[in-house]
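> One structure, pasted below without further comment.
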Amino acid sequence: MFPVRPLADTVIVALFVCLPAGLAVGAGCSDGGGETHDDPGKTGSGDARTGWVADVEAPLPVWLSETGIYADGTGTVPGPGAIVYVPTHPLWSNGADKERLLFMPPDARITPEDDPAEPWAFPVGTVLVKSFSLDDVDGRTGAVKIETRILARRSAGWLYALYHWNADGTEAALARADWRATPLRLMDAAGTTFEYTLPGRLECRGCHEAPGPTPVLGIARWQVPAELTDVFSRPPAPADVGAFARTPAETEALGYFVGNCAYCHNGRDTSENAAFSLEPPDAVGNTVEQETDSSASGVGVRVVPGDPEGSAVFEAVVLARAADYPGDLKPMPPLGIDRVDPRAAQALRRWILELGETDAP
């Protein structure tokens, strides 16, 4: 994947050693949700952007170090003008820690969903960056980056790009314009190998273009991070997941749906499989004791109170990823996920068991 460069650090990352998801310890580790940062919201000067992020109409550089996204070659210091943020309900990504950066032109603002004139409008020049890291790569301490994904708003539309980091974590190279999904073989502390997939361009578009109005997933109605309050043309309407839950367990389940499901299952998609909404006001009513809509994704009842293993939602999110899974449900989410989210498994199980102890809605 790396073009030729006369440096010793251009080794393609082929094998990592990392701790099992949810068990990472030490500097830079996450708690399994993959969204841990020392100083979220830290910014540089809004008019001090350098490199490509200051002119997104220009061709992307071959090397990430030339984009202005990071101020150092190892990707540990965000570049000038970067805003570090964490979504309210993060997406699970195979246990990887994720750093998210936002770059915007000086004085530009995002128009929030509650503005009927132009909902969720991101100005030309907006650059969103997400870097993925795993801990203890090749026996080294701390997190080492694997990939950096870019979503940028150009005058002609949205740009998708991916940079793949070398084994030393000192540089990342741009994937070609028509890049395809690339599997990497990773290894956990017990010596067990598993697969981590660098998504292809079509996979990126498949997820990000499902919601409709904008391909930005981590800045939306239920996902507005506190660090981004000042980048909106007006304060976004408050959206509290807990307001639609009856118990803490249900709040956690709804939060999982927001971060991992509702960007596709939003009630606005006309396809049969995603036509029902998993957004907080609708999720309980659309899942508990409700049959699945389509045999294409499997047949069953979405949530059977008191019976996680008999619930299609739990089966698709947790059970269907097992190599020896005997059922007919497709794993969910369908793209970009290779491993079961242990926190999701725990949260969904707790919620469904609790439903069996109360009156179903």
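The values are calculated or read from the model by the stated rules, or taken from the named source; none is laboratory data. Nothing here was measured: the structure is a model prediction, and the numbers come from that model. So basically every Cβ, Gly included, is an ideal-geometry build from the backbone, and we count neighbours across all protein chains shown.
Residues checked against (1) at pLDDT 95 or above; (2) out of contact with any Phe, Trp or Tyr (no Cβ under 7 Å at 6 or more places or on another chain); (3) not in a loop (DSSP other than H, G, I, E, B):
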{"position": "LEU102", "(1), (2), (3)": "yes, no, yes"}
{"position": "PRO106", "(1), (2), (3)": "no, yes, no"}
{"position": "PRO116", "(1), (2), (3)": "no, yes, no"}
{"position": "PRO119", "(1), (2), (3)": "no, yes, no"}
{"position": "VAL124", "(1), (2), (3)": "yes, yes, no"}
{"position": "LEU128", "(1), (2), (3)": "yes, yes, yes"}
{"position": "PHE132", "(1), (2), (3)": "no, yes, yes"}
{"position": "ILE146", "(1), (2), (3)": "no, no, yes"}
{"position": "LEU151", "(1), (2), (3)": "yes, no, yes"}
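> Another question, then. Those residues that are crowded, with 18+ Cβ neighbours inside 10 Å, in a loop (DSSP other than H, G, I, E, B) and not charged (D, E, K, R), I need them from region 336-361; list them, please.
Passing the criteria: ILE337, VAL340.
> Looking at region 159-184, which of its residues are out of contact with any Phe, Trp or Tyr (no Cβ under 9 Å at 6 or more places or on another chain), free of Cβ contacts under 8 Å to residues at least 60 places away in the same chain and in a strand (DSSP E or B)?
Selection gives TYR160 alone.
> Only one of (1) modelled with pLDDT of 85 or more; (2) farther than 22 Å from GLY51 by Cβ; (3) not charged (D, E, K, R) is not met by VAL137, so which one is it?
Of the numbered conditions (1) modelled with pLDDT of 85 or more; (2) farther than 22 Å from GLY51 by Cβ; (3) not charged (D, E, K, R), the odd one out for VAL137 is (1).
> So, in region 49-83, of the ones that are small (Gly, Ala, Ser) and out of contact with any Asp or Glu (no Cβ under 7 Å at 6 or more places or on another chain), which residue ends up nearest to ALA172 (Cα to Cα)?
My answer is GLY75.
> Now a separate question. What about VAL62, is it more than 23 Å from the chain's Cα centre (by Cα) and in the same structural domain as TYR196 (by TED's automatic domain parsing)?
Yes; evaluated as a whole, the condition is true for this residue.
> Restricting attention to region 72-101, and to residues there that are touching a residue at least 12 places away in the same chain (Cβ under 8 Å) and over 30 Å from VAL340 (Cβ atoms), which single residue is surrounded by the most Cβ atoms within 10 Å (Cβ to Cβ)?
Going through the qualifying residues, I end up with ALA82.
> Pick from PRO105, PRO90: which is within 17 Å of ILE219 (Cβ to Cβ) and more than 22 Å from the chain's Cα centre (by Cα)?
PRO105 is the lone residue from the list that is within 17 Å of ILE219 (Cβ to Cβ) and more than 22 Å from the chain's Cα centre (by Cα).
> Looking at VAL56, VAL62 in this structure, which one is modelled with pLDDT of 90 or more and closer than 19 Å to GLU147 by Cβ?
Being modelled with pLDDT of 90 or more and closer than 19 Å to GLU147 by Cβ holds for just one of VAL56, VAL62, which is VAL62.
> When you go through (1) under 19 Å from ALA172 (Cβ atoms); (2) modelled with pLDDT of 95 or more; (3) charged (D, E, K, R) one by one for ASP97, which number turns out not to apply?
(2)
> Restricting the search to region 247-276, which residues are of a type outside the set (A, V, I, L, M), modelled with pLDDT of 95 or more and more than 22 Å from the chain's Cα centre (by Cα)?
Listed by number, the residues that qualify are THR247, PRO248.
> Right, another one. Can you confirm whether region 159-179 contains a residue that is modelled with pLDDT under 80 and at positive phi?
no
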